[in-house]
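The values are calculated or read from the model by the stated rules, or taken from the named source; none is laboratory data. Keep in mind that what you see is a predicted model, and the values were worked out from it rather than measured. Neighbour counts run over all protein chains shown; Cβ positions are idealised from the backbone, glycine included.
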Amino acid sequence: MSNVSAKERLLTLIREHALLSGGDFELASGERASVYIDLRRVTMHPEGATLIGTMLAQHLADSDVTAVGGMATAAIPVVTAVVMASASGDKPLRGFYVRDKAKTRGTQRQIEGQMQKGDRVILLEDTMTTGGSTMTAVEAVRAEGGDVAGVITVVDRLKGGRELYENASIPFHAMVTLDEITAG
């Protein structure tokens, strides 16, 4: 990345492609906001997906994590980017996603993909407000015998997600915060 750090490049991509301001947006949490981060415009961008996947794979490289996952649909591009980036390293990670509830047909699973009983997992989110959506994934992973090692979000809107996980004794990490995005 020459003279620009990976984090600064990520902030630039978010500002250029995903930052919407001056509106009245309803968030998944039900809250309303004048600033919206449409992060799929970065997680599904060639450079954005590569950058996020590489940064997270490097962050997890020395951990005992065996799989990454998150809630459908927002976390799927992030999970895919990390799985792909980790494939070239010494410890490839498997990926999965969690549905709001189990399917009523086919396999009738709530968790799809490569999570196995006993896996130590990190749950990923694209943009977090209160953290409630990802807590659904925490509960589903635990119900299937997985061990939740932590939660990582690309963007923390700073509206209670960190506190939710800290109060539940689940390590939390944000790649960037809304304050960092809007400061630029």
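Across region 32-54, the number of residues qualifying as under 16 Å from G95 (Cα atoms) and not β-branched (V, I, T) comes to 2.
Can you go through M135, M115, M128 and tell me which one is farther than 25 Å from K159 by Cα and buried (at least 17 other Cβ atoms within 10 Å of the Cβ)? Break it down into steps so the answer makes sense when it comes.
Working: M135 fails: farther than 25 Å from K159 by Cα; M128 fails: farther than 25 Å from K159 by Cα.
It is M115.
Here is a list: A183, A85, A174. Which entry is under 21 Å from Y36 (Cα atoms), among the hydrophobic types (A, V, I, L, M, F, W, C) and under 16 Å from the mean Cα position of the chain (by Cα)?
Working: A183 fails: under 16 Å from the mean Cα position of the chain (by Cα); A85 fails: under 21 Å from Y36 (Cα atoms).
Checking each option against the conditions leaves just A174.
If the condition is being closer than 21 Å to T43 by Cβ and surrounded by fewer than 24 Cβ atoms within 10 Å (Cβ to Cβ), then region 142-151 contributes only G150. Pairing each residue of region 30-55 that is without any contact (Cβ under 8 Å) to a residue 12 or more places away in the chain with any residue that is of a type outside the set (D, E, K, R), provided the two are 6+ apart or on different chains, yields C-beta distances under 7 Å for R32/F25. A Cβ distance below 8 Å, combined with a sequence gap of six or more or placement on separate chains, defines the contacts here; from region 1-23, residues that are farther than 13 Å from L178 by Cα reach residues that are exposed (fewer than 11 other Cβ atoms within 10 Å of the Cβ) and modelled with pLDDT under 95 in the pairs R9/M1; G22/S34; G23/S34.
Kindly evaluate V78 against the criterion of being closer than 15 Å to R120 by Cβ, touching a strand residue (DSSP E or B) at 6+ places or on another chain (Cβ under 8 Å) and either small (G, A, S) or assigned to a helix (DSSP H, G or I) (or both).
no
So which residues in region 13-38 are surrounded by fewer than 13 Cβ atoms within 10 Å (Cβ to Cβ) and either assigned to a strand (DSSP E or B) or among the hydroxyl-bearing types (S, T, Y) (or both)? Listed by number, the residues that qualify are S21, G22, G23, D24, E26, R32, S34. Within region 39-58, the set of residues being outside any helix (DSSP H, G or I) and under 14 Å from the mean Cα position of the chain (by Cα) comprises L39, M44. Residues that are charged (D, E, K, R), surrounded by fewer than 23 Cβ atoms within 10 Å (Cβ to Cβ) and in contact with a strand residue (DSSP E or B) (Cβ under 6 Å, 6 or more places away or on another chain): does region 167-179 have at least one? For region 167-179, residues charged (D, E, K, R), surrounded by fewer than 23 Cβ atoms within 10 Å (Cβ to Cβ) and in contact with a strand residue (DSSP E or B) (Cβ under 6 Å, 6 or more places away or on another chain): absent.
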